[in-house]
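Worksheet: the structure to be examined is printed underneath.
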Amino acid sequence: MLMLLLKHPVFCFNCKYADMYKVFFAFIPFVFLGINTALAQSFDIVIKGGHVVDPKNNIDAVMDIAIKNGKVAKVAATIDGEGATQLVSAKGMYVTPGLIDIHAHVFFGTEPDHYLSNGMAAVVPDGFTFRVGVTTVVDCGGAGWKSFPLFKKNIIDNSQTRVLSFLNIVGEGMRGGAYEQNLNDMDAKMASYVANQNKEYVVGFKVAHFFGPEWLPVDRAVEAGTLANMPVIVDFGGDNPAKSIEELFMKHLRPGDIFTHALSKLRPGEIGGQYQRESIVDETTNTVKPFVWQAQKRGIIFDVGYGGASFAFSQAIPAIKSGFFPNTISTDLHTGSMNTSMKDMLSVMSKCMLMGMNLQAVITASTWKPAQVIKREGLGHLSVGAVADLAILTVREGNFGFYDKTGFKVTGKQKLECEMTIKDGKIVYDLNGIANPVVVNK
């Protein structure tokens, strides 16, 4: 229309068309104002002024982030947030990918004799994830191939949290006691079949709590992992004398397989009878055993898996101070750990910082690295187009005490706290109402 008017042979403000021209040109600023407003409103959420830590993309700087339609739309030094549906001021805070806890127990149920498989020692995920910045949680062996359909129906399909599964090599799952000792219920073919039928949710296989000299549970899980092209995570159980973890790392596990409870020190009798488990730190020299370094270089993944009885400062402090960092940080969340020394994901991360891992290393081990380990590379980063899972964290300054299962206590001056969690582009947790406007999800 504008070009037609400009080409009109009588284009003149003194001609008979003058009134039409004056009205049109008076309207032009409002046309472009409307376009600008529409552009400004193109973002659902704009996070302003936060210190972005995105390990995959090597970002460690103050940046703005825009979110649209559940995806990261833009990451830049400055993004105009005027007109966005929600503005979040993150000045003085850290903005990270949503945290990924690869060892938790969320197969909650009402069966009193089912332990962590449809039992009451597990927890409902949404009550214990978003409030600490976790957007993805992997149930670690609660369900076996027999019980996975119930786990999916009751938990995965009814959780806002993204819930994935390490499928137990035991068909009954983590029911405790004799169920987990039943070699006849460790079926690699059935486990791999169920995993392949549920690739959207199953990320690997779990070996747990087996007490005895046999290698069959590990070997069956690795067989399932090979059939399904998925990793195996091992809670090594115990024996008397303890089985060799060097043999485990070098002869049974593959690169990419995971050794959880890596910083544990189990005392004789602590896990039933006189069963023992070898630790990674030689307590006579207080150094990490040479073959452990070699195993990590080989590609064995060392996971914290803190738990109720699976973390000891006597192992963790010398390991981390020597530069042996866990590849992944996880909680082993259940009622027996969250109310004792473990607490939650941010507490475990804070302990790792206290012992010598810097914030960037801790964020890496809680976001991008676990995403790679479970082969979910679409998660754990803030690339444009990636799913918009984010955590906004503060580092509180003060006097804090951290202790382990033995009662050994260390004190620190910093502790991580979650200000906000965003899952699939929606604010699901806002501690202090830093979103403007505040939206209350019902």
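The values are calculated or read from the model by the stated rules, or taken from the named source; none is laboratory data. All values reported here derive from a predicted model rather than from experimental measurement. Note that we place each Cβ from the backbone using ideal geometry, even for glycine, and neighbour counts take in every protein chain shown. Areas reflect the complete protein model, heavy atoms only, side chains present, ligands, DNA and RNA absent. Shrake-Rupley method; radii C 1.70, N 1.55, O 1.52, S 1.80 Å.
Quick look at the values:
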read-out: Förster radius 35 Å - calculated FRET efficiency between LYS91 and ARG254, Cβ distance, rounded to 0.05; value: 0.20
read-out: Estimated [θ] at 222 nm from DSSP helical runs (n ≥ 4, -39500 (n - 2.57)) normalised by residues in the chain, nearest 500; value: -6500 deg cm²/dmol
read-out: PHE400 versus ARG298: modelled label distance in nm, points set 7 Å from Cα along the beta carbon direction; value: 3.6 nm
read-out: Potential lengthening between ALA242 and VAL439 on full extension [0.36 nm per residue; Cα-Cα distance subtracted]; value: 65.5 nm
read-out: Within straight-line cross-link reach of LYS426, lysines at Cα separation under 21 Å, skipping those fewer than 8 residues along the same chain; value: LYS48, LYS68, LYS71, LYS74, LYS91, LYS442
read-out: Percent of beta bridges antiparallel (DSSP, the chain, rounded to nearest 5); value: 55 percent
read-out: Ordering of 131-143, 105-117 by burial proxy (mean other Cβ atoms within 10 Å per residue, highest first); value: 131-143, 105-117
read-out: Listed residues GLY256, GLY225, GLY83, most fluctuating in the chain (Gaussian network, C-alpha, under 10 Å); value: GLY83
read-out: Max mean-square fluctuation residue, GNM over the chain, Cα-Cα springs under 10 Å, options LYS415, LYS369, LYS297; value: LYS297
read-out: FRET efficiency, 1/(1 + (r/R0)^6) with R0 35 Å, evaluated for ASN229 and SER42 via beta carbons; value: 0.30
read-out: Accessible area of the chain belonging to carbon and sulfur atoms, whole % at 1.4 Å probe; value: 55 percent
read-out: Set of aspartates and glutamates with alpha-carbon distance to LYS153 below 18 Å, sequence-local pairs under 8 removed; value: GLU111, ASP126, ASP139, GLU172, GLU200
read-out: Given charges at beta-carbon only (K, R positive; D, E negative), |dipole| of the chain in Debye; value: 1060 debye
read-out: Distance in nm between pseudo-label sites at LYS413 and ALA61 (7 Å out along the Cβ direction from Cα); value: 2.8 nm
read-out: Choice from MET230, MET250, MET338 with maximal GNM fluctuation in the chain (Cα, 10 Å cutoff); value: MET250
read-out: Theoretical gain in end-to-end length, ASN196 to THR335 [0.36 nm per residue, Cα-Cα removed]; value: 47.0 nm
read-out: Computed label-point distance, nm, for sites LEU183 and ASN158 using a 7 Å Cα→Cβ extension; value: 3.8 nm
read-out: Lysine pairs meeting the criterion (Cα under 18 Å, 8 or more apart or interchain), as found in region 330-423; value: 9
read-out: Taking N as its residue count, the alpha carbon Rg of region 234-355 over 2.2 N^0.38 Å; value: 1.00
read-out: Probe 1.4 Å, protein heavy atoms only - accessible area per residue of region 344-442 in square angstrom; value: 42 Å²
read-out: Net +/- balance of residues flanking MET120 in space, Cβ distance below 11 Å, scoring K and R +1, D and E -1; value: -2
read-out: Alpha carbon convex hull of the chain, volume per residue in cubic angstrom; value: 169 Å³
read-out: Considering only region 287-442, percent of DSSP beta bridges that pair antiparallel, nearest 5; value: 95 percent
